[in-house]
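Colleague: Here it is, the structure in full.
The values are calculated or read from the model by the stated rules, or taken from the named source; none is laboratory data. Computed from a predicted model, the values in this text were never measured in an experiment. So basically every Cβ, Gly included, is an ideal-geometry build from the backbone, and we count neighbours across all protein chains shown. Side chains are part of the model used for accessible areas, which takes the heavy atoms of the whole protein and leaves out ligands, DNA and RNA. Shrake-Rupley method; radii C 1.70, N 1.55, O 1.52, S 1.80 Å.
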Amino acid sequence: ISWTPIKEFKEILFTQFGGIAKISINRPQVHNAFTPLTVQEMIEAMRMCQDRTDIGVIILTGEGGRAFCSGGDQSVRGHGGYVGEDTLPRLNVLELQKIIRSIPKPVIAMVAGWAIGGGHVLHVVCDLSIAADNARFGQTGPNVGSFDGGFGASYLARVVGQKKAREIWFLCDQYDAQEALDMGLVNKVVPLDKLEETTVAWCHKILQKSPLSLRMLKSSFNAELDGQAGIQELAGNATLLYYLSDEAKEGREAFMEKRQPDFSKFPKFP
Ligand code: 1HA
């Protein structure tokens, strides 16, 4: 598989193969721990994926084969957040989580090695997770003085159930790929040397599907859980579909032509 660079960044790689974009944290020396800059770059790459009509599916991963992501870089954790060049303490990974959840294209976590702490939450919020057999999953918050009570708690509990989610956070144990599969935390486990090939094969299956259908489904799955923000997403997609119709176009055209709209020809469906 030959990935073509989309844009150069400092702490991530952002590449493309056909309709697949790959966002990969490139800090393998610290098991792909993220800094505010890493997160900011991932957000920018996600935004680019959102706007690019030729991209249909996004892979989120980490370089090196030994870690997906080990969470926030503890060496830059300061007073109230993770500190970058602008010296402001930030928790901007929360913003990235929201984007992964709401971007209207499937996001697949491709997990080799550690998915730990805030790195674990990142795979949890992805639509699908494919794990290599060397993957290890867990939360560390109560060990290192942190917690993610947002998606990291409530969505995790929706995925694995309340008892298991509380176990994961209260004990901070690490779970292997098979255990993750058994608890519904990942979709599939494959040998490490088959990880990318399998993930790309899943992407190709997805790319053959109706993009609007996938878009509606993603926002439908979110709607139930995300309250008014979830309904806003689903309803925004309903508006998009309505704007494609002659009926909605008649409303706009009548306004522009300064006449009364004639909706009489449009059916009142049962
Ligand atoms: O909870 C949140 C948030 C909550 C709300 C809102 C925002 C949040 C944002 C972030 C987070 C968090 O992510 S808190 C949790 C932070 N992460 C961790 O506690 C995991 C720390 N790492 C480990 O426990 C271990 O490294 C490991 C289980 C993943 C792997 O262990 P292993 O194989 O023994 O490797 P190790 O030797 O520990 O790591 C290799 C190198 O990577 C080490 O550096 P070296 O000694 O070679 O110089 C290690 O220090 C470094 N490293 C690993 N993880 C991190 C890290 N350096 C900085 N930050 C890390 N997270």
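Colleague: With +1 on each Lys and Arg Cβ and -1 on each Asp and Glu Cβ, and nothing else charged, work out how big the dipole of the chain is about its Cα centre, in Debye to the nearest 20.
Modeller: 460 debye
Colleague: To the nearest 0.05, how large is the calculated FRET efficiency for Asp86 and Gln29 if R₀ is 22 Å and r is the Cβ-Cβ distance?
Modeller: For R0 = 22 Å, the calculated efficiency reads 0.40.
Colleague: With the Cα gyration tensor of segment 1-45 giving a ≥ b ≥ c as the square roots of its eigenvalues, does the rule (a/c under 1.5 for rounded; else a/b larger than b/c for prolate; else oblate) give rounded, prolate or oblate?
Modeller: Since a/c reaches 1.5 and a/b is larger than b/c, the shape of segment 1-45 is classed as prolate.
Colleague: Tell me the carbon and sulfur percent of the accessible area for segment 131-262, rounded to whole percent, probe radius 1.4 Å.
Modeller: 55 percent
Colleague: Under a straight-distance cross-link criterion of Cα-Cα below 13 Å, which aspartates and glutamates are reachable from Lys7, leaving out those fewer than 8 residues away in the same chain?
Modeller: Within the straight-line limit of under 13 Å, Lys7 reaches these aspartates and glutamates: Glu41, Glu44.
Colleague: Can you give me the solvent accessible area of Trp3 with a 1.4 Å probe, rounded to the nearest 10 Å²?
Modeller: Result for Trp3: roughly 50 Å² accessible.
Colleague: Still on this model: Treat each spin label as a single point 7 Å out from the Cα along the C-beta direction, and report the His204 to Tyr243 distance in nm.
Modeller: Inter-label distance under the simple model: 3.4 nm.
Colleague: Looking at the chain as a GNM with Cα springs under 10 Å, which of Glu196, Glu11, Glu179 has the largest mean-square fluctuation?
Modeller: Per the Cα network of the chain with a 10 Å cutoff, Glu179 tops the list.
Colleague: Counting Lys +1, Arg +1, Asp -1, Glu -1, what net charge surrounds Ala67 among other residues with beta carbon under 10 Å of its beta carbon?
Modeller: +2
Colleague: Over 20 Å between Cα atoms, which of Lys22/Lys98; Lys10/Lys218; Lys22/Lys105 qualify?
Modeller: From Lys22/Lys98; Lys10/Lys218; Lys22/Lys105, over 20 Å: Lys10/Lys218.
Colleague: Continuing with this model, one more query. Looking at the square roots a ≥ b ≥ c of the eigenvalues of the Cα gyration tensor of segment 141-232, which shape do they give, rounded for a/c under 1.5, prolate if a/b is larger than b/c, or oblate?
Modeller: Verdict is oblate for segment 141-232.
Colleague: Using alpha carbons only, how many degrees (0 to 90, rounded to 10) separate the axis of helix 93-102 from the longest principal axis of the chain?
Modeller: Result, in degrees: 40.
Colleague: Could you work out the relative contact order of segment 137-270? I mean the mean sequence separation of Cα pairs under 8 Å and 6+ apart, divided by the number of residues, in percent.
Modeller: Across segment 137-270, relative contact order equals 14 percent.
Colleague: Can you tell me the accessible area per residue over the chain, all protein chains present, probe 1.4 angstrom, in square angstrom?
Modeller: Solvent-accessible surface per residue comes out at 53 Å².
Colleague: Just add up the charged neighbours of His120: K/R +1, D/E -1, any other residue whose Cβ is under 14 Å from the Cβ of His120.
Modeller: Neighbourhood net charge equals -3.
Colleague: So which lysines can Lys265 reach, going by Cα to Cα under 30 Å and dropping same-chain residues fewer than 8 places off?
Modeller: Lys249
Colleague: Please give the net charge around Arg252, taking every other residue with its beta carbon less than 14 angstrom from that of Arg252, where Lys and Arg add +1 and Asp and Glu add -1.
Modeller: Residues near Arg252 contribute -3 overall.
Colleague: For segment 103-186, with only Lys/Arg (+1) and Asp/Glu (-1) charged at the beta-carbon, what is the dipole magnitude about the Cα centre, in debye rounded to 20?
Modeller: 260 debye
Colleague: Right, something else. Please build a GNM for the chain, connecting alpha carbons under 10 Å apart, and tell me which residue among His204, His123, His31 fluctuates the most.
Modeller: Fluctuation is largest for His204.
Colleague: Still on this structure, I have one more. I'd like the accessible area for Asp133, computed on protein heavy atoms only with a 1.4 Å probe and all protein chains in place. Round to 10 Å², please.
Modeller: Surface open to solvent at Asp133 totals about 80 Å².
Colleague: If you don't mind, there's one more thing I want to ask. Let me know the Kirkwood hydrodynamic radius for the chain, please, with Cα pairs as the basis and the value in Å to one decimal.
Modeller: Evaluated over the chain, this radius sits at 19.8 Å.
Colleague: Decide, for segment 49-119, between rounded, prolate and oblate: order the square roots of the alpha carbon gyration tensor eigenvalues as a ≥ b ≥ c, take rounded if a/c falls under 1.5, and otherwise choose prolate if a/b is larger than b/c, else oblate.
Modeller: oblate
Colleague: Continuing with this model, one more query. Quick one: accessible surface of Leu171, probe radius 1.4 Å, all protein chains present, in square angstrom to the nearest 10.
Modeller: 100 Å²
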